[in-house]
Each structure stands twice: as structure tokens, then as C-alpha cells.
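> One structure coming up, written as C-alpha cells, with questions to follow.
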Amino acid sequence: MVELSKAQDIETGDGTTTVVVMAGSLLDACSKLLDKGIHPTTISDAFQKAAQKACEIIESMAIPIELSNIEQLTKVATTSLNSKVVSQHSDALGPIAVKAVLDVVDPNSPQSMENNVIVTDYTQMDRIMKEERQYILNIVKAVKKAGCNVLLIQKSILRDAVNELALHYFSKMNIMVVKDIERTEVEFICKTLHCTPIASLDHFNPDYLGVASLVEESEATARCVRITGIQNRGRTVSILVRGSNKLMLDEAERSLHDALCVIRCLVKKGAMIAGGGAPEIEIAQKLALIANSTPGLDQYCFRAFADAFEVIPYTLAENAGLNPIQTVTELRALHARGETHAGINVRASCAEEPADGSNLPYDVLQTAITVVYSNRRC
């Protein structure tokens, strides 16, 4: 289940709770089918067909969205933020997430050591130290020769990325060193500065350097390096988040990540679907109709797959303090009348059409179904 949720988070950044609930419901359905004596292979093959049909149903429910429709994009981002700890600030964080994404959219350790050398003679130790100093000095000269005056160094997990002697030589050469940069930030920094990361001095070429008018270091509250006047700046955006404590900061970061991923999905697919349990009810009803015309044991499997999807609106209604059985029944009636976008309006405590503007990216649910089925099949 943990890996399932991680896979969903990597793919879309949202819907992690949905996939876990859905997977549990499908596993329960599988258990009941096995108790009836249906072979696992039959269940697996039927569920695969049902999953494909479910994706087709979602695709038919997709609502096209224009990237110029900032209001609708903000509503989708806000919907994602409403389930987070920082939900009271969703009206402020939603527009930030939308603007950030649109700004970057392109309009077009070993346990043993072998062959180790033990040095006991002071003369040998002195020679090693001299060679080390000369080696480091040559590195610094190569950096200086390339025209580099600011060096950004990735953090090392095995040792210090740069020692004190190297820092001393860099200082003598008037080269500013910014060290302990997280590996996950290297790609972002290189894209922003329009430079190329270099793993070896053999590839230290002036053509790989970025150009900026000013690099300054500030230590007012925490060590911060600001780079301004970047030439040929890449399409990247930085969001500065402030909070009263670490918990709020961590939650704000997590929530913004989800909101950014949601908008990214909208940009990627250009479509959204109604929320509030609407697609799950529609899938359940359409698959139930398909099951009626499906011969053999597949019919039982299709019905079980369809019923498993109703756990999402059932759980949503239960968490909202509504009568889940009554609410799901009302949703079934609405969808039977052709109101395919009807869902649960938590604020109004009812099922209605449309589902109070609570839309989500089309890609989120489609990926969830694919990920859940793949995980269950394994």
C-alpha cells in the first residue's frame, strides 16, 4: 500500500488517499470472488478489462480547460488544498501555485578496505601532504583559468565536499564558494542559471558557466545566497514560504507541492473531471450495465469491480457527516437521469449537479485506476 501511494504521488502528486482506499476495496472484492470459487486468473483478466473500461468512462467525462482560464485553474488548486492542514490558507496558496506553474510553462559506506597503504614514515607523510596541497592548488587554478568566480558545490554524503585548504586557496583567488547544495536542487539551480553541472575538472569549460551580475550572501536569520541579474535565465520559479513554526512550514510545503502537481496535470492533459465522487459513481453504473451484457464469470467480476468504486463516495459522505447509504443512493438516481457530473457537495450537505465546482485533473483518477490495478495484479 505504501509503494502504491508513492507511485501515485510520483505520477500525479495527488490522489494518494484515493488509491489506498480504492485498492483496499478491490482487494476485498477479490477475496469475495475467490470465496465463490472463481479462479484468480479469471478475476485478474476480468479486472483488467474493467479497468480499461473505467479509463474510457473517465475520458468521456473529461471537461476541456483552457490555460487562460485562471479562475478555473485556481478552483482546482484550491480543491486540492482544502484537504490539507493549511486549508484555511487555500485562497492564498491556490493562486500562487497556478502562477508558478504557468510562469514555467513553455508556450511552445564500505565495511572493509582492500589494497590499503599504511604510512608510518614522517618523510612519506610530509611528501603526501605536499602532493595534496599541489593537487588542490592545481584544481583551484583550473577553476580560475576558466573564468569562474563563484563555485556552487553539491553536498557529499561520504565526506566534506570541500576541505579547509581548498577554501583557503579559493579565497586567495577571490573565488566565492557556496557548498552543501542538496542534490535535488542541482538541476533546478543549473536550469535557472543557464549553466551545466560538471562532475570532473576534465570537463571544466568556460562554455558551461552561467553569467550573473551580482552574487551576495546574507546571514540575517539563516545563511542565504542571492543571485541576481542572471543572463539567459531559465524558466524556473521560486516560492518563498514563511510560517510561525516548522510544522506549518512543512505542511505548507507539502500542500504547495500537491497543488503544483495538480496544475501540472491540467497543463499536461488540458482536461478535468468533476469531483465529489461523481466519476466513481458514473464508473460503477456504467460498468454494471456492461456487466449485464458480459457472458460467463466475467459478469461477476465486472459487478464486483463496479461495486468497489462506490467506496469513494461512501467514504466521502461518511467523513462529511452525511448518511452514506442515503447519499450514495441519491447519487445513483442523479446519474441514472444522465447527470454525469453530479457529486457530493460537502458544504451544502447534499448530492447535486454540478458538484459545487470541486473539480480535479482528469489524469489523477485515470492514473489512480491504472496504478491500483497494476499493484493488485502484482
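> By its C-alpha gyration tensor, with a ≥ b ≥ c as the square roots of the eigenvalues, how is region 145-299 shaped: rounded for a/c under 1.5, else prolate for a/b larger than b/c, else oblate? Provide the component values of the computation, followed by the final result.
On the way: a/c = 3.00, a/b = 2.47, b/c = 1.21.
Note, shape of region 145-299 comes out prolate.
> List the residues whose amide H sits under 5 Å from the amide H of A212, counting only those 5 or more places along or on another chain, with H placed 1.01 Å from N in the peptide plane.
So A212 has HN proximity to Q231.
> Nothing charged except the Cβ atoms of Lys and Arg (+1) and of Asp and Glu (-1): what's the magnitude of the dipole of the chain about its Cα centre? Round to the nearest 20 debye. Please list the in-between numbers first.
Working: 37 positive and 46 negative charges, 153 e Å.
Taking the Cα centre of the chain as origin, the dipole is about 740 debye.
> Arrange S68, S83, S5 by Cβ neighbour counts within 10 Å, fewest through most, would you? Working shown, then result.
Details: S68 8, S83 13, S5 18.
So the ranking, lowest neighbour count to highest, is S68, S83, S5.
> Treating only the Cβ atoms of Lys and Arg (+1) and Asp and Glu (-1) as charged, compute the dipole magnitude of region 122-230 about its Cα centre; round to the nearest 20 debye. The partial results should precede the final answer.
Values: 14 positive and 14 negative charges, 52 e Å.
My answer is approximately 240 debye.
> When a footprinting reagent is the concern and you count Cβ atoms within 10 Å, what order do K49, K286, K141, K246 take, fewest first?
Numbers: K49 16, K286 19, K141 12, K246 8.
Ordered by Cβ neighbours within 10 Å, fewest first: K246, K141, K49, K286.
> If you don't mind, there's one more thing I want to ask. Quick one: grab Rg to one decimal and Dmax as a whole number for region 288-364, Cα atoms only, in Å.
Rg and Dmax of region 288-364, Cα atoms, are 14.0, 44 Å.
> Using Cα-only point scatterers and the Debye equation, what is log10 of I(q)/I(0) for region 122-230 at each q in 0.12 Å⁻¹, rounded to two decimals?
For region 122-230, the Cα-only Debye profile gives -0.47.
> Given A51, G275, H168, which one lies farthest toward the positive end of the charge dipole of the chain, if we put +1 on the Cβ of every Lys and Arg and -1 on the Cβ of every Asp and Glu?
H168
> Name the GluC sites (Glu not before Pro) in region 2-76 that are in a loop by DSSP and that have at most 10 other C-beta atoms within 10 Å, would you?
Details: sites: E3, E11, E56, E59, E66, E71; in loops: E66.
Here the GluC sites (Glu not before Pro) that fit, given the DSSP loop and packing criteria, are E66.
> Can you show me the helix-derived [θ] at 222 nm for the chain, built from DSSP H runs with n ≥ 4 at -39,500 (n - 2.57) apiece and divided by the number of residues, rounded to the nearest 500.
Values: 14 runs with 212 residues, N = 378.
Result for the chain, helices only: -18500 deg cm²/dmol.
> Note down, for region 2-108, the three equivalent ellipsoid semi-axes (square root of 5 times each alpha carbon gyration tensor eigenvalue), biggest first, whole angstrom.
Ellipsoid semi-axes (Å, largest first): 36, 18, 12.
> If you find the alpha carbon centre of region 291-315 and of region 240-257, how far apart are they in angstrom?
With region 291-315 and region 240-257 each reduced to a Cα centre, they are spaced 41 Å.
> While we're on this one: Given H placed on each backbone N at 1.01 Å, which residues far from I153 in sequence or on other chains put an amide H within less than 5 Å of it?
Amide H neighbours of I153, under 5 Å, 5+ apart: V178, K179, D180, I181.
> While we're here: With equal scatterers on the alpha carbons only and no solvent term, can you work out the Debye log10 of I(q)/I(0) for the chain at 0.07, 0.14 1/Å?
-0.49, -1.16
> Can you list the lysines whose alpha carbon sits under 24 Å from that of K6, skipping same-chain ones fewer than 8 residues off?
Qualifying lysines at Cα under 24 Å: K84, K246, K268, K269.
FYI, it's all coordinate maths here, none of it is from the lab. Note that this is a predicted model, so its numbers are computed, not measured. Glycine also receives a Cβ, built like all others from the backbone with ideal geometry; neighbour counts cover every protein chain displayed.
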